[in-house]
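Worksheet: one structure, shown below.
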Amino acid sequence: MSTHGRTLPRRLKRESSSEQVAEHIRRLIMSGELVKGERLRQEDLAEELGVSRIPVREAIIALDREGWLDFESNRGAHVAGLAADDIRDHYELRGLVFGLLARRVVETATDEDVKALSALAAEMKRAPDIVEFAVTNERLIRQIVRLAASPRLTAALLVTPAIMHHDFYEFVPTGRKNQEAGVAAFMRALKQRSADGADTAMRTMLRRQGQAVLAAFTASGVVGRE
Amino acid sequence: MPRAADRPAPHAPKPGETIADAVARFVRTEIFEGRLAAGQRLPQDDIAESVGVSRIPVREAIIALEREGWVRVERHRGAFINALDEQAVLDRFALYGRFYGFAARRALERMTADERQTLRGLALDLTRPTGAKPFERANSAYMSTLVHFAGSARLRGVLRSTAQIVPGNFFATVPKGITIQRAGIAALQAALDADDASAAEQICADMEHRHALEVIAVMHSRQARAATAHT
């Protein structure tokens, strides 16, 4: 989706096999095929995906860092699960990271940069469908991350990744409206050179997206089925 | 990079660490001490040799280090060291400040009366020790309990990846850290007692920012020393 750090680096470099395995495991958790507390069977997964144990192990380490799994070398990897609080907390934390990125952009963006971002925001608003909307939004977010020029904050996005990557706006009906309102508020703050305003705009947007994701997961039964 | 035989420091995994964790710890230290420089490609074979392990745990360590912001991975080209400059330190501690502020807010929402009492006791323990080691122990008891009482699996996951910039005992490396942390936790605990989540968030942000400035000072002197050693 949207403020979607996870998709950014993936577009820049082709997916490695461990990233593909990680994506597969995320989907199993999101679809409810793997439930909270369940032990991940590494051999079965490797066989199912036709890869060696090495990318599976690498994927597990990445997902442990991202909070999807709890991995201890002597106990194996267990699914951390998706509860309502997890989703709320996740987007809140993601908002904290994006708020800091937004602050940096206010500090570093030139007038030219602001103009370019404005043009993208306008293009996003005109997008005729959600596919085009998502693509433009991703360009805008990538630009924000680039302008912030902070490897540490960019890395923090890797550990608070979007819970959903593809189909976000189909799955979350109010997603587009939230995103447009959030980007508009961010742009207003950026033009006024208000770091506080830009920070608040991002945090508010991500909190709303978290509520929207939670509502969608609750409706589909992934959350609240334990 | 010096070989294992030249270095007295043991790179063997500590209790509870995997081999990959030990490799990651080794790489963080090398970067912090200025022996691995920004932009340089991570010498995976040398690292494997220095720590005395195969390439596999080195690759695993890189995955963790990428998520912590120490390196960036370019496919088919390898892992490259990210700059550990002032901005990186400020950003890292700004993240800490926000994450601990979040912990404080959630803890206020979720703590029981008994848990509040426990935390108050741990804050008191922090007023006594003066040495780096006992202070570090008391501090990590307080911080980890705060995070525990926040009851957020997501927060714990994120904090695990917000690895410390300063290797080893923070308070041994950053002497002014004790004063900053002691004052910060006293203020934080007062805000928690007053049920003031916004004040708690601000206190965490300010405290971590002060730490960042101290770390920058320490880093400059270390890197200057490493530069002299190279010439």
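Throughout, read-outs are computed from the coordinates displayed, never taken from laboratory work. What you are looking at is a predicted structure, and each value in this text was computed from that prediction instead of being measured. Backbone-built Cβ (ideal geometry, glycine too); neighbour counts: all protein chains shown.
Skipping prolines and chain starts, which residues have an amide H placed within reach, meaning under 5 Å, of the one on B:Val71, given they are 5 or more residues away or on another chain?
Amide H neighbours of B:Val71: B:Glu66, B:Asn82.
With a cut-off of 12 Å, note down the residues of region A:90-114 whose backbone N falls inside the zone around a label point 7 Å from the Cα of B:Glu109 toward its beta carbon.
Label zone hits: A:90-93.
Springs between alpha-carbon pairs under 10 angstrom, Gaussian network model over chain A: which of A:Phe98, A:Phe171, A:Phe186 fluctuates most?
Among A:Phe98, A:Phe171, A:Phe186, the largest GNM mean-square fluctuation belongs to A:Phe171.
Largest first and to the nearest Å, give the Cα extent of region B:132-196 along each principal axis.
31, 28, 16
How large is the convex hull of the Cα atoms of the protein assembly as shown per residue, expressed in Å³ as a whole number?
On the way: hull volume 70.3 nm³, N = 457.
Expressed per residue, the convex hull around the Cα atoms of the protein assembly as shown is 154 Å³.
Could you bin all the Cα-Cα distances of chain B into 10 Å bins starting at 0 and give me the percent of pairs in each, rounded to whole numbers?
Distribution as computed: 7, 29, 33, 21, 8, 1 percent.
How big is the charge dipole of region B:1-158 about its Cα centre, in debye rounded to the nearest 20, if each Lys and Arg gets +1 on its Cβ and each Asp and Glu gets -1 on its Cβ? Numbers along the way, then the final one.
On the way: 25 positive and 20 negative charges, 84 e Å.
Here the size comes out at about 400 debye.
Using alpha carbons only, how many angstrom separate the centre of region B:154-231 from the centre of region B:116-141?
The two parts, judged by their Cα centres, are 15 Å apart.
Which whole-Hz ³J(HN,Hα) couplings does region B:66-72 yield from phi under the Karplus relation 6.51 cos²θ - 1.76 cosθ + 1.60, θ = phi - 60°, glycine and proline marked x?
Per-residue couplings from phi come out as 5, 6, 8, x, 7, 9, 10 Hz.
Would you mind calculating the relative contact order of chain A from Cα pairs under 8 angstrom and at least 6 residues apart, reporting the percent as a whole number?
Values: 281 pairs, mean separation 66.5, N = 226.
Averaging sequence separation for qualifying contacts and normalising by length gives 29 percent for chain A.
DSSP loop GluC sites (Glu not before Pro) in region A:17-97 with at most 11 other Cβ atoms within 10 Å of their Cβ, which ones? Walk me through the numbers before you get to the answer.
On the way: sites: A:Glu19, A:Glu23, A:Glu33, A:Glu38, A:Glu43, A:Glu47, A:Glu48, A:Glu58, A:Glu66, A:Glu72, A:Glu92; in loops: A:Glu33, A:Glu38.
Answer in residue order: A:Glu33.
Taking a cut-off of 13 Å, what percent of all Cα-Cα pairs in region A:7-79 are separated by more than that?
65
For region A:126-137, in order, what is each residue's ³J(HN,Hα) by Karplus, 6.51 cos²θ - 1.76 cosθ + 1.60 with θ = phi - 60°, in whole Hz (x at glycine and Pro)?
For region A:126-137, the Karplus-derived couplings read 7, 3, x, 9, 6, 5, 5, 4, 5, 5, 5, 4 Hz, x marking Gly and Pro.
What is the mean number of Cβ atoms from other protein chains located within 10 Å of the Cβ atom of each residue in peptide A:82-95, rounded to a whole number? Mind showing how you got there, number by number?
Working: counts 1, 2, 0, 6, 5, 1, 3, 11, 6, 1, 6, 10, 2, 2.
Per-residue shielding by partner chains comes out at 4.
Quick one: the Cα spread of region A:105-226 along its three principal axes, in angstroms, biggest first?
Projected onto the principal axes, the Cα atoms of region A:105-226 cover 49, 34, 21 Å.
Among B:Val89, B:Val158, B:Thr118, whose Cα lies farthest out toward the positive end of the dipole of the protein assembly as shown, if unit charges sit on the beta carbon of Lys, Arg (+1) and Asp, Glu (-1)?
Positive-most Cα among the choices belongs to B:Val89.
About its Cα centre, how strong a charge dipole does the protein assembly as shown have in debye, to the nearest 20, once Lys and Arg get +1 and Asp and Glu get -1 at the Cβ?
Values: 65 positive and 59 negative charges, 128 e Å.
Here the size comes out at about 620 debye.
Return the long-range amide H neighbours of A:Gly76 (sequence gap of 5 or more, or a different chain), with a cut-off of under 5 Å between placed amide H atoms.
none
Just tell me the longest site-free run in chain B, where the sites are trypsin sites (Lys or Arg not before Pro) in a DSSP loop having at most 11 other beta-carbon atoms within 10 Å.
B:78-231
Using amide H atoms built in the peptide plane, which far-off residues or other-chain residues are under 5 Å from B:Leu42 H to H?
Counting only residues 5 or more places away or on other chains, the set is B:Ala79, B:Phe80, B:Ile81.
Kirkwood Rh, chain A, all Cα pairs: how many Å? Working shown, then result.
On the way: mean 1/r = 0.0548 Å⁻¹.
Its Kirkwood hydrodynamic radius stands at 18.2 Å.
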